[in-house]
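The values are calculated or read from the model by the stated rules, or taken from the named source; none is laboratory data. Owing to the predicted nature of the structure, the values given are computational and were not obtained by experimental measurement. As a convention, Cβ positions derive from the backbone with ideal geometry for all residues, glycine included, and neighbour counts pool all protein chains shown.
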Amino acid sequence: MDRRRFLSASVGTLASLGLAGVGCGRLPTLPVPRVRPRLRRPSPRPAQGSFSAGDDAHFDLGDGLRSPAWGYDGETPGPLIRVTRGEVLDVVLRNQLSQDTTLHWHGLLPPSSMDGHPADSVRPGQTFRYQFPIRQRAGLAWYHPHPHRAVSEQVYRGMAGALVVTDEEEASLGLPSDSLEHVILLGDGELGPGGRTLRYRAGPSSDRGAFPLVNGAAYPRVEVAATLHRLRLVNGARARVYELEVSPALPFVLIGNDGGLLPDAATLDRVVLGPGERVDLLLDLSRVPSGSAVDLGCRRARWSLLEFRVHESRTDRWSAAAAHPSLPPISRLAGTPIRRERVFEFQGHQRINGVRYRMDRIDFQVPFGVTERWIFRSSGGAPHPVHVHGAHFQVEQRRGGRGVVFPWERGWKDTVLLERREEVSVLIRFDQHPGRFLLHCHRLEHEDDGMMLNFEVMG
Ligand code: C2O
Ligand code: CU
């Protein structure tokens, strides 16, 4: 059966179950292809060079089906940038799209003018040079556009990439690297009525796609050795919350998140990842027989995201201790004097504390170098993944809803997920740069619709 017939067959099946007419009509879904596409490994890149934003990339939907995409230097996800702490990031962006764009370095701490703020947008045909030193600890960041009211469409169409910061502390741990390190950007997509290409629909009622995109491919596979692997995942979807698990059930070890390594490793059987969040996991496949497959899936969506095909057994230097490493301590904000408390209520799909975003308005000011407690509250329209630019924070407490701070929310974060009726308090201190930064919902349709504030860190 070719794909078209498969698609119409699945639509037909839905119709016969009476599901086709629900809401505004079911769109053709995309089944797992007969031949799963290969997992793309984005091209490696130093942190100095030029980048062109354009519409010349494509998604791989499997079985030979390609859908046009936007990306960087013709790729989606964009090239994988590696930068060492102490180096200067120096990237010239050339905008070859027909609309404004910017590069925002989600997870890095650049000066305000280099942060890709919507007011600093790069017009079509123009260039902009992002240049700033990397002074933060090792971790997984990512880059994506942040233009006024067009973040969702640009990211959905493929504009995002990962950026890895390395440092000596992390290197001394000897974590799996090269072919054993998998940097993965998760997204999702929806097909248009023809069932062959992605289409973008704006608005929070259609911001969750119908099938997964994993490094720009639908349901990919990767051939791996039977040994210890490092999985570094970014949730780059517009709105989807992934609940990751491995099947057949295999525990994995969580070692890091948004702000780098955690103070201690945790063995888990699932991890929840909201838009904008990252996790760093060790997955031990050394006991998986050669010839079998292990699946990274999303429990909520019931999707198989990525299939690991174990093809080669291998005895190497990994020990049980390597699979559960002891990690360096981190400094804690708890215990420093808390100078001020602020409450931010995320309301519906366009407001924070009753206000919709205006690019030219500063909504509040924050003193430099002091610890504050920020309380994020969800009031309708959840999930709201809350993201702050300009500083990392530490999660203190969650009340209501799920009621706990999860293992993947310890350490340093820059994005935290608010589900229905939740209130999360975080400690935050702006001690990097003064200037204008953003606080917003990282559900991209919410962000574009105004769920965002400007604040100014006072010098
Ligand atoms: Cu990942 Cu303000 O964004
Ligand atoms: Cu939101």
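Can you find even one residue in the stretch 239-258 that is more than 16 Å from ligand 2 (Cβ to nearest atom), in contact (Cβ under 8 Å) with a residue 60 or more places away in the chain and more than 20 Å from the chain's Cα centre (by Cα)? No: zero hits. Restricted to the stretch 142-238, the set of strands (runs of 3 or more DSSP E) holding at least 3 residues that are closer than 20 Å to Asp258 by Cβ and more than 20 Å from the chain's Cα centre (by Cα) is empty.
Here Ala323 meets each of (1) over 25 Å from Glu456 (Cα atoms); (2) among the aliphatic types (A, V, I, L, M); (3) at pLDDT 95 or above; (4) more than 16 Å from ligand 2 (Cβ to nearest atom) with one exception, condition (3). Please verify whether Ser205 is small (Gly, Ala, Ser) and more than 23 Å from His324 (Cβ to Cβ), treating the condition exactly as stated. Considered against the rule, which asks whether it is small (Gly, Ala, Ser) and more than 23 Å from His324 (Cβ to Cβ), Ser205 comes out as yes.
Every test in (1) exposed (fewer than 15 other Cβ atoms within 10 Å of the Cβ); (2) modelled with pLDDT of 95 or more is passed by Arg94 save one, and that test is (1). One residue stands out in the stretch 80-105 among those that are assigned to a loop (DSSP other than H, G, I, E, B) and out of contact with any Ser or Thr (no Cβ under 8 Å at 6 or more places or on another chain): the one that is nearest to His387 (Cα to Cα), namely Leu103.
Report, by residue number, each residue of the stretch 59-79 that is surrounded by fewer than 20 Cβ atoms within 10 Å (Cβ to Cβ) and part of a strand (DSSP E or B). Answer for the stretch 59-79, where residues must be surrounded by fewer than 20 Cβ atoms within 10 Å (Cβ to Cβ) and part of a strand (DSSP E or B): Leu65, Arg66, Pro68. Residues that are farther than 30 Å from Ser206 by Cβ and in a loop (DSSP other than H, G, I, E, B) do occur in the stretch 264-279, at least one of them. Considering (1) modelled with pLDDT under 95; (2) closer than 25 Å to Val155 by Cβ, the lone condition that Phe6 does not fulfil carries the number (2).
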